[in-house]
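Below is one structure, written out as structure tokens, with a few remarks after it.
Here, each number is a calculation from the coordinates, and none is a lab measurement. What you are looking at is a predicted structure, and each value in this text was computed from that prediction instead of being measured. Here the Cβ is made from the backbone with ideal geometry for all residues, glycine too, and neighbour counts use every protein chain on show.
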Amino acid sequence: MAEAQAQGDYDQRLSITRSDEIGKLAGALNQMAESARDRMSELHRLEQIRRDFVANVSHELKTPIAAVRGLVETVIDDPKMTDEDRERFLAKIRNQSMRLSSIVTDLLTLSQLESGNGMLETELLDLCEVVRSTVTSLAQTAEARNIRVEVRLPEDPVRLLGDEDALSQVTSNLLDNALKYSPRDAEVWIRLRQENGKAVIEIQDRGVGIEPRDRDRIFERFYRVDKARSRELGGTGLGLSIVKHIVLAHGGAVDVESSPGAGSTFRVFLPVENSA
Ligand SMILES: Nc1ncnc2c1ncn2[C@@H]1O[C@H](COP(=O)(O)OP(=O)(O)OP(=O)(O)O)[C@@H](O)[C@H]1O
Ligand SMILES: [Mg+2]
């Protein structure tokens with residue numbers, strides 16, 4: 001069996017009937033074969049994830065690239081196009097290229113977070129500020145769909161050591177989703193409080209909600225419940241995986257409570273700075 005293992009064959013097993021040194025040796029060989037098999041299947045799993053990732057990235061980039069190309073060709077092929085039509089095509093081209101650049105930005109963010117090097121620049125900050133600026137930056141998006149954003153902040157600052165840009169991205173990805181997956185004229189809530197030595201950010205909507213079977217998967221890269229619908233809304237399925245990475249890198253956690261048709265509540269928990 002040792003010779004077989006040396007050749008890379010880990011399928012053999014010995015039946016152990018003795019308890020002396022030979023028996024122990026047989027047991028050790030069986031264990032070695034077992035763990036070698038586990039390592040190999042883990043390698044296969046990682047390789048598969050990598051391959052899926054490359055396939056997903058290529059597919060996501062291909063769609064807007066094909067769209068831009070089609071739009072450009074239409075303009076080129078039709079020199080007598082009215083100015084109005086040309087404007088329309090150009091606006092579409094601009095939208096698609098913005099989408100492309102946001103996909104690439106998200107991918108770079110993810111890869112930097114995953115490699116874990118120097119992405120986060122921590123400083124002492126006030127989470128109230130982070131929430132306020134996020135709400136301001138998405139005010140137009142909310143207004144366009146006539147959605148009211150109800151903000152509730154504590155009176156005192158919520159201080160923690162963190163990366164301001166990264167944490168702003170967390171709140172804005174979550175608020176962006178709440179707006180995107182809510183109907184027009186809806187209301188969404190964003191709340192911040194301190195609880196058991198943790199800062200809790202809560203983003204609640206009364207939108208489409210999430211089925212239990214999708215609940216854990218939505219944090220995976222590229223996972224979208226309704227691919228067609230999400231893409232129509234300009235989504236790539238990277239927002240929540242970025243959220244999760246950033247929150248974990250801050251020693252925090254994120255969870256979601258949701259019932260289909262009734263809405264969702266996302267909660268982010270972050271360790272706060274002990275200010276006496
Ligand atoms: N508040 C929500 N209500 C209902 N479904 C949601 C909500 N937030 C996320 N989802 C579901 O989870 C999926 C993944 O969310 P995520 O933010 O990662 O991607 P996205 O919004 O589709 O695209 P991106 O954020 O990259 O622009 C969404 O496509 C959607 O199906
Ligand atoms: Mg999103």
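Return the FRET efficiency for the residue pair residue 43, residue 15: r is the Cβ-Cβ distance, R0 is 45 Å, and the value is rounded to the nearest 0.05.
Values: r = 28 Å, r/R0 = 0.63.
Approximately 0.95, to the nearest 0.05.
Multiplying the residue separation of residue 126 and residue 194 by 0.36 nm and removing their Cα-Cα distance gives an extension gain of 23.3 nm. Using Cβ point charges alone (K and R +1, D and E -1), the dipole size of the chain about the Cα centre works out to roughly 660 debye. Arranged from fewest to most other beta-carbon atoms within 10 Å of their beta carbon, 181, 10 become 10, 181. Exposure proxy for 227, 198, 180, 80: other Cβ atoms within 10 Å of each Cβ, ordered fewest to most, give 80, 227, 198, 180. Using the Cβ-Cβ distance between residue 227 and residue 115 with R0 set to 22 Å, the FRET efficiency works out to roughly 0.20. Would the chain count as rounded, prolate or oblate if I go by the C-alpha gyration tensor, calling it rounded below 1.5 in a/c and otherwise prolate when a/b exceeds b/c, oblate otherwise? Taking the square roots of the gyration eigenvalues as a ≥ b ≥ c, the chain is oblate. In this simple spin-label approximation, residue 144 and residue 55 carry label points 7 Å from Cα along the Cα→Cβ vector, and these lie 3.3 nm apart. Which one, 149, 90, 251, projects farthest toward the positive side of the charge dipole computed for the chain from Cβ point charges (K/R +1, D/E -1)? The residue sitting farthest along the positive end of the dipole is 90.
Ranking of 110, 127 by neighbouring Cβ atoms within 10 Å, starting from the fewest: 110, 127.
With helices as the sole contributors, the chain gives -18000 deg cm²/dmol at 222 nm; each DSSP H run of n ≥ 4 counts as -39500 (n - 2.57), and the sum is divided by every residue. Computed from the C-beta positions of residue 185 and residue 65 and an R0 of 35 Å, the FRET efficiency is 0.50 to the nearest 0.05. The distance separating the Cα centre of region 219-276 from that of region 1-80 comes to 27 Å.
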